[in-house]
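J.: Just passing along the structure, written as structure tokens.
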Amino acid sequence: MFLDPKQSRELIQTSPVIVLTTLNKEEKPNVATFAWVVSLSSEPTMLAMMVGKERYTFENIKTSQEFVVNIPSVDVLKKVYF
């Protein structure tokens with residue numbers, strides 16, 4: 001589901017967890033959860049989050065130059081929160 005940038009900003013500001021998905025060189029998915037995300041802009045949509053250099057997520061983003069930000073629904077929150 002794709003959202004209007006203004007809607008996504010509202011969701012990010014109230015969401016306790018963001019799920020970031022990346023792919024490695026073999027296209028194997030890596031999923032990382034972030035509890036600290038800052039919405040910098042809605043036009044264009046810009047977020048800030050910290051990814052450690054020693055993490056698979058960092059290496060995947062550096063290599064592929066892409067990632068997906070997922071905003072979990074309330075139904076999914078319990079699964080990603082722990």
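J.: How would you classify segment 24-82 from its alpha-carbon gyration tensor, with a ≥ b ≥ c the square roots of the eigenvalues: rounded for a/c under 1.5, else prolate if a/b is greater than b/c, otherwise oblate?
T.: It is oblate, given that a/c is not under 1.5 and a/b is not larger than b/c.
J.: For R55 and F2, FRET efficiency with R0 = 22 Å and r from the beta-carbon atoms, rounded to 0.05?
T.: It comes to 0.25.
No value in this document is a laboratory result; all are computed from the given coordinates. Just so it is clear, the model here is predicted, and its values are computed rather than measured. Every residue, glycine as well, gets a Cβ built from its backbone with ideal geometry; the counts of neighbours run over all protein chains shown.
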